[in-house]
Amino acid sequence: MNLVLISTYELGRQPFGLASPAAWLRARGHSIACLDLSREALNEAAIRAAELIAFYVPMHTAARLAAGLITPIRVMNPHAHLCFYGLYAPVNEEYLRELGVGTILGGEFEEGLASLAGRLELSLRNHNGETAQAEPVISLARQKFLVPDRAGMPELANYARVVMPGGEQRIAGSTEATRGCKHLCRHCPIVPVYNGAFRVVERDVVLADIRQQVAAGARHITFGDPDFFNGPAHALSIVEAMHREFPDLSYDVTIKIEHLRKHDVHLATLRDTGCLFVISAGRGISG
């Protein structure tokens, strides 16, 4: 089956949300085109040839941009099955269904995408036209991840760079070690999908993904986890192993302020293994 995976916005990173499902789908024999429209033009030939077009929407901006592409893509290919997957897919389900999206996948989406592709392929082969969604809209299943397949995506040099104090620029790769979050903050878009759960990407998979990005020129890694200290032992085992293998590689993480304070004993380990900075957020409270 011919599939197109589309990312419209991921903070200047090469999208993990394309590379990870691409590995699952290619392993099942599907032909995959990964399009990162933040770095390349829409490939009209790939769109016209696709039987399934899936948009990755990990954030609000990505969802808005992707929704705006439905009409022009429908003009190019009126028959392809449309899917939206990622954090902002299930929370916009009603709106997306009205736009003609056939499948909505949130949470742990790789297994759902693989199931969808297999089901559609069988339907096309049998000419029965069965396309109604069978996969759960939100899945928190514990998946066994595959090493992301970044083949065919724009080179890392086209993405964000880290500017060091002396002016040196480092090509930045990115990966994920966990998804979801243990907390139930009312302002957070993760909560409606994960509801206090988080899921781990296996250590060996994360390290293999880092390894292939270093080989592609990365000298810095951004961990895209919503909170790197949701599983401190898992996180620390990864950065310690990474530092042993690549002692000159720097990285950054996102950690909730509460966790920075609760696990402050581990901050020295982050520093000593190459962490340049930690991203966090504060939310004001008005009386």
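Below is a table of values for the structure above.
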{"read-out": "Residue list for region 219-238, restricted to those being in contact (Cβ under 8 Å) with a residue 60 or more places away in the chain and either in contact with a Cys (Cβ under 7 Å, 6 or more places away or on another chain) or part of a helix (DSSP H, G or I) (or both)", "value": "238"}
{"read-out": "Qualifying residue in region 2-19 (condition: more than 17 Å from residue 120 (Cα to Cα), surrounded by fewer than 24 Cβ atoms within 10 Å (Cβ to Cβ), assigned by TED's automatic domain parsing to the domain that holds residue 118 and among the basic types (Lys, Arg))", "value": "yes"}
{"read-out": "Residue that is closer than 28 Å to residue 29 by Cβ, touching a strand residue (DSSP E or B) at 6+ places or on another chain (Cβ under 6 Å), in the same structural domain as residue 20 (by TED's automatic domain parsing) and part of a helix (DSSP H, G or I), where the choices are 113, 82, 120", "value": "120"}
{"read-out": "Selection count, region 127-163, where residues are assigned to a strand (DSSP E or B) and among the small types (Gly, Ala, Ser)", "value": "1"}
{"read-out": "Residue in region 128-149 that is among the β-branched types (Val, Ile, Thr) and touching a residue at least 60 places away in the same chain (Cβ under 8 Å) present", "value": "yes"}
{"read-out": "Of all residues in region 37-68 being exposed (fewer than 14 other Cβ atoms within 10 Å of the Cβ) and among the acidic types (Asp, Glu), the one that is farthest from residue 79 (Cα to Cα)", "value": "40"}
{"read-out": "Per-region count, region 244-258, residues crowded, with 19+ Cβ neighbours inside 10 Å and touching an Asp or Glu at 6+ places or on another chain (Cβ under 9 Å)", "value": "3"}
{"read-out": "Residue match in region 37-60 (condition: closer than 15 Å to residue 149 by Cα and outside any loop (DSSP other than H, G, I, E, B))", "value": "no"}
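So that you can scan it fast, the table gives a plain yes or no per residue for (1) over 24 Å from residue 87 (Cα atoms); (2) touching a residue at least 24 places away in the same chain (Cβ under 8 Å); (3) β-branched (Val, Ile, Thr):
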{"position": "170", "(1), (2), (3)": "yes, yes, no"}
{"position": "174", "(1), (2), (3)": "no, yes, no"}
{"position": "183", "(1), (2), (3)": "no, yes, no"}
{"position": "208", "(1), (2), (3)": "yes, yes, no"}
{"position": "217", "(1), (2), (3)": "yes, yes, no"}
{"position": "240", "(1), (2), (3)": "yes, yes, no"}
{"position": "252", "(1), (2), (3)": "no, yes, no"}
{"position": "255", "(1), (2), (3)": "no, yes, yes"}
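The values are calculated or read from the model by the stated rules, or taken from the named source; none is laboratory data. The shown structure was predicted, so the numbers you read here are calculated from the model rather than taken from an experiment. All Cβ positions, glycine included, derive from the backbone under ideal geometry; neighbour counts span all protein chains shown.
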